[in-house]
Structures are given as structure tokens and as C-alpha cells.
Amino acid sequence: MPAQKLKRRQLSLLAIAVLAVSTPSRAQAPRNVRIRATIDAVSPTSLSLTSRAGQQQTVAIASDTVIVAIVPMKLEDIKPGAFIGSAAMPRPDGTQRALEVHVFPESMRGTGEGHRPFDLQPQSTMTNGTVGTVTVGTGRTLTVAYQGGEKTIVVPPDTPVVTYEPGSPALLVPGAHVIVMATEATEGKLSATRISVGKNGLVPPM
């Protein structure tokens, strides 16, 4: 091959290689993140937060960000047919020991239905489903059914139990405890899609 043609071919191959390295093969989709935090400051478009781990973060908020209040509920008020979620720890006998229970209002029935790993503690799980039987003892034992399965959840008497109420931006004040569901863009920007706020200083247990 003549030297001039060889040089042109080498330059073409080099240009292709550089383009392949510098151009992403595909755009990365935003990922969903959960932030448990305390509000430090509020602006019309963002929240400044300190996470439970001590990390300072800023999260964008918008007019369509969903805000709900988390309020206490009594364990004995959980009845058959209620749709609940429970963060729990697996026990050797196959049951789950509840770390908390949150009772969904009827409008949120079906939210997150199923059983899966959860990030509240190492090895913790989350079960969302419909309460079947309720056995009264030292605390409560609940059977919770979901599509494709069922779990038995043992709820000690001192387990935090909460439910949800409609919220508003007025709940977003410095010092409030929140769980923020957000999307994280590739450049690290966080945008809140849902904010659950502990009402009257409540620390959300989930």
C-alpha cells in the first residue's frame, strides 16, 4: 500500500477510535434515591438537608412534588383488610420481626406491593400487602398477603406504627424530619418526586 494511502488509513482509524472513547454509548437514565434527613433550610425551589448519616445535600422541589404527612397510629387500630408496609428483620423460623409498620390510607392501597430487601438496616426487608389474620398477644402477629406470597410479621408492643395524611408545603420547615424520594441525574442533581414529612416533630421510623 502506498505510504500516502497508508497514512490516510491510519488517521481515519485514529479518528474513529477517539470518537468511540469520547462519545457515550448511551445516555444514562436518572436513578431513584431515598434520603432520610432533617431539613436545614427551605427555598421556593429547593431544600437543604442533613441526612441521618450527616451528609449535607440540596434537593430541588417543584409544584408537582407530592408531599404527605406521617402521623402516629395505635397498633391495636390495625385491622384485617388494612393495606400496610413493614420494615422488618427476618427470623430463623421464617417470620419477620417488625421494625416499624406504616398503614396506607385507602387511596394508597397497592403502593409497593410485595416483599423485598430494604435499606433501613443490614438484612432488613420491606413487606407491603393486605393484613389477613391479626393475633393478639404480646404485641400483634399479622399475616400479610401480597401478589405471589404471604409473610407472618411479629410486631412487638413498642414498635412504631404510623399512617399518612395529605400534606402541603407548609410542613416543609427547618427541623422537620423527612424521607425524600428523588431522582438523581447523571451530574448528581437531585430532584424530589415525593416528600414524606414527620408531623409535629415525628421522626419517620421507616
Give, in nm to one decimal, the length gained when the segment between Ser191 and Gln121 is fully stretched (0.36 nm per residue of separation minus the Cα-Cα distance). 22.7 nm
Among Val59, Thr152, Pro92 - extreme Cα towards positive end, dipole of the chain, charges at beta-carbon: Val59
State the label only: which of (i) 18.7; (ii) 19.8; (iii) 17.2 corresponds to Kirkwood radius over Cα pairs in Å computed from the shown model? (ii)
What is the calculated FRET efficiency for Val136 to Val173, with r their C-beta to C-beta distance and R₀ = 30 Å, to the nearest 0.05? 0.20
Could you check which residue among Ser43, Ser168, Ser107 shows the biggest mean-square fluctuation in a GNM of the chain with a 10 Å Cα cutoff? Ser107
Could you do me a favour and compute the accessible area per residue for the chain, 1.4 Å probe, result in Å²? 57
For every helix of n ≥ 4 consecutive DSSP H residues, a contribution of -39,500 (n - 2.57) applies; sum these over the chain, divide by its total residues, and give [θ] at 222 nm rounded to the nearest 500 deg cm²/dmol. -3500 deg cm²/dmol
Tell me whether the stretch 92-206 comes out rounded, prolate or oblate; compute the Cα gyration tensor, take square roots of the eigenvalues as a ≥ b ≥ c, and use a/c under 1.5 as the rounded threshold. prolate
Post the alpha-carbon centroid distance, the stretch 55-82 to the stretch 135-163, in whole angstrom. 19
With Cα coordinates, the longest principal axis of the chain makes an angle with the long axis of helix 3-22, in degrees rounded to 10, of 20
Taking a point 7 angstrom from the Cα of Thr38 along the C-beta vector, which residues in the stretch 155-176 have backbone N less than 14 Å away? 173-176
Test of understanding: extend the Cα→C-beta vector of Ser51 to 7 Å, then name every residue of the stretch 115-153 with backbone N under 20 Å from that spot. 117-126
Relative contact order (%) - the stretch 86-143, alpha-carbon pairs under 8 angstrom, separation at least six: 29
Using the Cα gyration tensor of the stretch 112-164, with a ≥ b ≥ c the square roots of its eigenvalues, what is the shape: rounded (a/c below 1.5), prolate (a/b larger than b/c) or oblate (neither)? oblate
Of Glu100, Glu184, Glu165, which has the most accessible area and how do the rest follow, probe 1.4 Å? Glu165, Glu184, Glu100
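The values are calculated or read from the model by the stated rules, or taken from the named source; none is laboratory data. Since we're looking at a predicted model, the values are computed, not measured. Neighbour counts run over all protein chains shown; Cβ positions are idealised from the backbone, glycine included. Side chains included, ligands, DNA and RNA excluded: accessible areas come from the protein's heavy atoms. Shrake-Rupley method; radii C 1.70, N 1.55, O 1.52, S 1.80 Å.
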